[in-house]
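These notes concern the structure reproduced below.
The values are calculated or read from the model by the stated rules, or taken from the named source; none is laboratory data. Nothing here was measured: the structure is a model prediction, and the numbers come from that model. No Cβ is skipped: glycine too gets one built from the backbone with ideal geometry, and neighbour counts run over all protein chains shown. Keep in mind that these areas ignore ligands, DNA and RNA; they rest on the heavy atoms of the full protein, side chains included. Shrake-Rupley method; radii C 1.70, N 1.55, O 1.52, S 1.80 Å.
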Amino acid sequence: MSIHDRNAIPVSRRHFLIGASLTGAGLVIGFRPTASSAAAPNAFEAGAFIRIPAEGKIVFVISPVEMGQGIYTAVAMLLAEELDVPLDQVELEHAPADPARYANTLLGDQITGGSLSIRGVYEQMRKAGATARIMLVNAAARGWDVAPETCTVEAGQVVHAASNRRARYGSLVEAAAAQPVPQDVPLKPATDFKVIGRAVRRLDSPQKVNGSAKFGIDARPDGVSFAAIAICPHFGGTLRAVEDAPARAVKGVKQVVRTEDAVAVVADNTGAARKGLAALAIDWDPGPNGMLSLADLEARAEEAIGGNALPHKKEGDVDKAEAEHGPVHEFIYRLPILTHTAMEPLNCTLHVRDDGCEVWVGTQVMGRVRQAVADVTGLPVEKVVVHNHLLGGGFGRRLDVDSVIAAAKIARQVDGPVKVTWSREEDIRHDCYRYLNYSKVTATLGADGMPVSWRHRVIGPAVMARWMPAFVQDGIDLDIMAGAESPYAIPNKYTDFVRHEAPDGMLTGNWRGVGATRNIPPIEGGIDELAHLAGIDPLDYRRRLLQHKPRLLGVLELAAEKAGWTTAPAQGTGRGIAVAEDFGSFSAMIAEVGIADDGGLRVDRIVCAVDCGQVINPDTVEAQIQSGIVYGLSAALYGRITVRNGAVVEGNFDDSPVLRIHETPKIEVHIVPSSEAPGGIGELGTPGVAPSLFNAIFAATGKRLRSLPIDQSGLRRV
């Protein structure tokens with residue numbers, strides 16, 4: 001198995017290519033003849049997902065990008081299942097930047113994010129594979145003069161058992177290309193799956209282990225120069241002046257490039273570029289935010305809690321319920337500013353010429369990269385070629401193109417290709433942050449202790465207003481409100497939204513788990529607080545309120561069983577529950593924590609049960625949940641960005657730490673078998689971490705926490 005850049009690999013002269021895309025009219029299968037020589041009149045070129053050469057391995061073109069989540073393997077499994085070809089007989093190829101062919105069917109753009117990859121390609125890929133299979137079978141049957149229904153497929157061959165004849169797919173390509181494209185092809189029933197649902201080793205792992213896998217930061221076109229960049233540290237600030245003579249005196253430095261809010265040193269190598277950057281004397285204009293502090297931002301968020309809110313969803317009559325069933329219990333949860341901290345720092349390599357531009361980058365939004373570079377350079381978008389690469393982590397950070405725009409502004413001033421690499425400090429201090437998010441929850445209880453009313457006010461930015469306006473309706477950012485209405489059977493519920501933006505110049509964006517990471521903590525923390533007020537076991541409390549949600553109830557029961565909820569925890573430890581329904585999937589998480597003699601927190605164990613519908617690769621599901629839990633633990637224990645003088649203070653892992661190996665608890669993942677449509681999994685493991693810890697800490701200490709990151713000092717039992 002190998003992973004190729006489609007823009008760099010020539011297409012074989014004799015191959016069968018099937019392209020599949022979903023349009024308003026339904027699935028379209030098409031062929032387009034090449035401008036090939038007369039020696040290969042039946043060759044075909046350009047298509048979306050499958051290329052079958054006369055000789056050699058079958059090529060699968062993968063439209064979602066691979067950023068560690070295992071999507072290349074999962075998509076290959078979908079195609080291989082219906083085409084009936086072993087995975088060791090295929091090669092994988094990055095899709096080029098082409099939203100017309102490779103847009104996610106649910107988003108309408110070439111985007112990898114939102115736990116929408118499998119949901120967007122599940123039927124599409126299977127239909128592409130099934131269509132290719134049927135056309136190959138029809139071609140073989142026609143050549144053998146037998147009925148197609150008497151033929152089967154097996155490991156990349158068409159088989160006619162009655163006459164003991166076999167034909168490799170490659171030998172049938174020209175005949176298959178002459179077949180009419182079938183419509184509404186039947187797909188395999190789940191009972192016939194040979195690949196889907198099986199544990200499969202990641203197809204991209206060998207190259208990542210031996211170092212041959214190419215990430216964006218590995219791009220090295222001929223003649224490339226290397227640039228280090230410094231961006232104005234103040235939100236909305238600009239570059240006033242720079243003394244660059246000391247930098248130009250550094251061996252290997254070629255030039256110093258200025259933009260309106262940044263300066264870059266271009267050199268023969270990264271080391272020289274970094275030395276040159278350090279030698280610069282830069283005068284920044286801090287702009288209007290030069291005096292801002294985190295305390296200022298938090299005070300503004302506190303004030304916004306009582307601000308004008310837009311109604312989101314309503315069930316029953318909350319006002320009446322509160323009047324009849326007081327007292328009203330109020331809980332305010334406060335979540336901090338968070339950074340993404342992907343392992344691979346931001347980077348982009350460009351070669352801007354008068355007649356076009358090439359871009360080498362790892363991105364979640366290939367089409368947007370292409371358009372952004374066209375906008376900066378003034379080139380027609382069709383003159384911009386984007387070479388896709390593996391991503392060393394995305395988490396939503398690479399859904400934005402600010403780093404590409406910055407690199408393009410630099411590359412316009414450089415002869416030849418230039419690689420712009422951000423330091424870790426620039427990466428952290430100029431992120432598209434998950435901004436401050438506060439929630440105010442109020443509830444009343446009936447005589448039986450069960451909730452009668454529930455209000456949830458969400459205070460935070462409308463990221464989608466900038467990033468994808470279609471997700472904003474009547475002023476409501478549907479992403480930030482995801483799951484805000486609570487899954488529980490409460491007769492009177494009301495949710496509303498107070499839009500509260502970051503200061504100008506501070507970019508806010510999507511963060512792994514998106515709206516659920518904002519809303520699950522106050523919902524699951526709040527419902528746990530109500531269970532305590534009612535004197536009812538938190539598990540039983542949720543059971544009573546989830547009878548109408550069988551799949552959510554199912555993961556709750558499974559997690560409780562596997563965690564041993566009915567057995568008493570060890571002295572000085574506590575367990576906490578959190579459930580989440582989002583991304584088309586369901587999860588329940590139980591954290592078990594202990595308190596050290598000095599009052600510090602120890603996370604001992606996390607048990608997570610998931611129902612994500614039809615599982616493609618169970619190994620990937622388990623790995624993704626584990627990854628999401630570790631990511632969520634890092635944020636819950638350490639995640640916090642602070643601000644001084646209008647600039648982010650933190651800059652590296654010493655002051656913005658992530659979870660270390662020795663701190664990682666035992667993590668157990670249990671998957672509910674299901675034949676339902678696949679749901680998302682990449683973000684499902686993150687939202688439940690913080691609230692399960694909140695609730696476990698309360699069980700262990702009697703202290704109720706409502707703010708992140710968790711204050712780990714003085715957690716001895718009260």
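Scaled against 2.2 N^0.38 Å for its residue count N, the alpha carbon radius of gyration of segment 387-498 is 1.60. Here the spin labels are modelled as points 7 Å beyond Cα on the Cα-Cβ line, and at THR238 and GLU303 they lie 2.7 nm apart. The slack in the chain from ASP448 to GLU561, taken as 0.36 nm per residue of separation less the alpha-carbon distance, amounts to 38.1 nm. Amide H contacts of SER674: VAL615, each under 5 Å away and 5 or more positions distant or on a separate chain (H built 1.01 Å from N in the peptide plane; Pro and chain starts excluded).
Accessible-area rank, largest first, for HIS389, HIS532, HIS325: HIS532, HIS325, HIS389, with all protein chains present and a 1.4 angstrom probe. Net charge in the neighbourhood of VAL185 (other residues with Cβ under 13 Å of its Cβ; Lys, Arg +1, Asp, Glu -1) is +1. Would you mind telling me the antiparallel percentage of the DSSP bridges in segment 353-476, rounded to 5? Of all bridge pairs located within segment 353-476, approximately 65 percent are antiparallel. Charged neighbours of GLU382, selected by a Cβ distance under 11 Å, balance to +1 (K, R count +1; D, E count -1). With the simple spin-label model, which puts each label point 7 Å out from Cα in the Cβ direction, the LEU507 to SER163 separation comes to 6.2 nm.
Could you tell me what % of all Cα pairs in segment 191-325 have separations over 26 Å? In whole percent, the share of Cα-Cα pairs in segment 191-325 beyond 26 Å is 62. Label zone of SER293 (point 7 Å out along Cα→Cβ, amide N under 18 Å): in segment 647-684 this covers 647-650. The residue among PRO327, GLN712, SER587 whose Cα reaches farthest toward the positive pole of the charge dipole of the chain, with charges on the beta-carbon of Lys, Arg, Asp and Glu, is SER587.
Among the DSSP beta bridges whose two residues both lie in the chain, what percent are antiparallel, rounded to the nearest 5? Antiparallel: roughly 75 percent of the beta bridges in the chain.
Ordered by 1.4 Å accessible area with all protein chains kept, GLU330, GLU149, GLU650 run largest first as GLU149, GLU330, GLU650. Among the trypsin sites (Lys or Arg not before Pro) in segment 638-718, those placed in a DSSP loop whose Cβ has at most 13 other Cβ atoms within 10 Å are ARG660, ARG717. Taking only the Cα atoms of segment 566-718, the radius of gyration and Dmax are 16.6, 54 Å. Peptide packing: for 316-323, 223-230, 245-252, the average count of neighbouring Cβ atoms within 10 Å per residue gives the ranking 223-230, 316-323, 245-252, highest mean first. Measuring r between the beta carbons of PHE193 and ARG543 and using R0 = 30 Å, the FRET efficiency lands at 0.35.
Each residue, ARG644 and ALA278, gets one label point 7 Å from its Cα in the Cβ direction; the gap between the two is 2.2 nm. Simple rule: put +1 on each Lys or Arg Cβ and -1 on each Asp or Glu Cβ in the chain, find the dipole, and look at HIS500, VAL359, ALA563; the Cα lying farthest toward the positive end is VAL359.
Amide H to amide H distances under 5 Å link GLY680 with GLY584, SER585, where only residues 5 or more positions off or on other chains count and H is placed in the peptide plane. The mean of 1/r over all distinct Cα pairs in the chain, once inverted, gives the Kirkwood hydrodynamic radius of 27.6 Å. Heavy-atom accessible area for TRP284, with the other protein chains in place and a 1.4 Å probe, reaches approximately 50 Å².
Computed from the C-beta positions of HIS329 and ASP402 and an R0 of 45 Å, the FRET efficiency is 0.60 to the nearest 0.05. Put a plus charge on the Cβ of each Lys and Arg, a minus charge on the Cβ of each Asp and Glu, and nothing anywhere else: the dipole of the chain about its Cα centre is then about 1100 debye. Calculated on the alpha-carbon coordinates, the convex hull of segment 583-671 measures out at 139 cubic angstrom per residue. With all pairs of different C-alpha atoms in the average, the Kirkwood value for the hydrodynamic radius of segment 495-608 is 16.2 Å.
Summing charges over neighbours of PRO417, with a neighbour being any other residue whose Cβ is under 12 Å away from its Cβ, gives 0 when K and R count +1 and D and E count -1. Between the C-alpha center of segment 275-328 and that of segment 109-157 there is a gap of 50 Å. With 30 Å as the limit on Cα-Cα distance, the pairs of LYS127/LYS383; LYS562/LYS703; LYS208/LYS419 that go past it are LYS127/LYS383. In segment 272-423, what % of DSSP beta bridges are antiparallel (nearest 5)? Approximately 65 percent, going by the DSSP bridge assignments. Over the Cα atoms of segment 104-163, the radius of gyration divided by the Kirkwood radius equals 1.23; this is the Rg/Rh ratio. Residues whose amide H comes within less than 5 Å of that of VAL452, counting only those at least five positions distant or on another chain, are THR444, LEU445, GLY446 (H built at 1.01 Å from N in the peptide plane).
Ranking of HIS329, HIS456 by solvent-accessible surface, largest first: HIS329, HIS456 (1.4 Å probe, protein heavy atoms only, all chains present). With all pairs of separate Cα atoms included, segment 319-457 yields a Kirkwood hydrodynamic radius of 18.2 Å. I need the calculated FRET efficiency for the pair THR152 and ARG220, taking r as the beta carbon distance and R₀ as 56 Å, to the nearest 0.05. Once the sixth-power term is evaluated, E becomes 0.75. Scanning the chain for DSSP H helices at least 27 Å long along the axis (C-alpha atoms) with a Kyte-Doolittle mean no lower than -1.0 picks out 117-144, 514-534, 618-638. Structural size metrics of segment 199-251, computed from C-alpha coordinates, are Rg and Dmax of 19.6, 59 Å. Segment 432-546 gives an Rg/Rh value of 1.04, both radii derived from C-alpha positions and Rh following Kirkwood.
For segment 257-290, backbone nitrogen atoms closer than 20 Å to the point 7 Å from LYS251 Cα along Cα-to-C-beta are found at 265-280. Report the paramagnetic label zone for ASP655: residues of segment 226-245 whose backbone N is under 14 Å from a point 7 Å from Cα along the Cα-to-Cβ axis. It comes to 233-234, nothing else. Placing unit charges on the Cβ atoms of the charged side chains and taking the dipole of the chain about its Cα centre, the candidate lying farthest along the positive direction among ALA264, ALA690, ALA162 is ALA162.
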